[in-house]
Amino acid sequence: MIQILSNDTIQKIAAGEVIEKPSSIVKELVENSIDAEATNIVVEIKNGGLDFIEVLDNGKGIVKDEIEIAFKRHATSKLNSFNDLYNLQSLGFRGEALASIVSVSKVTVSTKTSEDKLGNKVYFEDGKKIEEKPIAKNVGTSIIVEDLFYNVPVRKRFLKSKTTEANNITNLMYKLAIGNYGIGITYIKDDKLIFETKEKEDLNSVLTELFGMSIVNNLLEFNLKGRDYSINGYISNNKYYRANRALQYIYKWKIYRK
């Protein structure tokens, strides 16, 4: 028998397309923090992110009346009309990530804007707001995601081991730290500090923090320019070799058009 799925079922299926694994959540939340003009971001995970993920930032925060709206599908502050897509400067814009996260996990949001005297804490479960209360908080936002896919067990079966999922997040965090040097990024895994970059640090300092002097001392800086492109970065000299591409990071900064 053919039947129309319920909105709840549709939302959970759609969420699986956006949030495939714990690293997807970390990526979306960190990018939201960057779009919120955060200068310091703390990411903490436990058990590969399956049980606990927190992304804490000192960004602009979310206005109290807009917290629940922010977790609705296609709700976004990044654009107002289709034409805005032609001049988009933000990392995200579709308004699907937060709605997807909240539909397949238990989410606690704590946030405060510079105009608010108190912050607000909202708890969501199964896509619905369960509790809201005022709290004392610094300006910025904390989003805690717990029990990923607890209500969609079929999606949970597609996840890898907690060790593999943790490694995926760790690799992502290194990419985010390098690609967003100048923003202080702290990464904590299972109560252990993995790395901490500082606000306003240059790329060389960030690379030293992440990989150590032994690698950085064997890097050669290069700058290549053509009519339609510009490529710059670091490459190792002939004293440092690896058997795989684990330390290769490539970023697209600009697209030059005539």
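The values are calculated or read from the model by the stated rules, or taken from the named source; none is laboratory data. Everything numeric in this text was worked out from a predicted model, so none of it was measured. Don't worry about glycine lacking a Cβ; one is built from the backbone with ideal geometry, like all the others, and counts go over all protein chains shown. Note: accessible area is taken over every heavy atom of the protein model, side chains too, but ligands, DNA and RNA are not part of it. Shrake-Rupley method; radii C 1.70, N 1.55, O 1.52, S 1.80 Å.
Just a few scattered comments:
- Applying the Karplus relation 6.51 cos²θ - 1.76 cosθ + 1.60 with θ = phi - 60° to region 20-35 yields 3J(HN,Hα) values of 8, 7, x, 5, 4, 5, 4, 4, 5, 6, 5, 5, 4, 5, 5, 5 Hz, where x marks Gly and Pro.
- When peptides 33-45, 168-180 are sorted by average Cβ neighbour count within 10 Å, with the highest value leading, the order is 33-45, 168-180.
- For the residue pairs Lys21/Lys198; Lys60/Lys162; Lys21/Lys128; Lys128/Lys198; Lys133/Lys162; Lys121/Lys189, the C-alpha atoms sit more than 30 angstrom apart in Lys60/Lys162; Lys128/Lys198; Lys133/Lys162.
- For peptides 225-238, 135-148, sequence by mean Cβ density within 10 Å, most packed first: 135-148, 225-238
- Carbon plus sulfur fraction of accessible area for region 125-189, probe 1.4 Å, in percent: 51
- Amide H to amide H distances under 5 Å link Glu199 with Gly184, where only residues 5 or more positions off or on other chains count and H is placed in the peptide plane.
- Using θ = phi - 60° and Karplus 6.51 cos²θ - 1.76 cosθ + 1.60, couplings along region 118-123 (whole Hz; Gly, Pro as x): 10, x, 10, 10, 10, 10
- Solvent exposure of region 110-227, expressed per residue, is 58 Å² of accessible area, with all protein chains present and a 1.4 angstrom probe.
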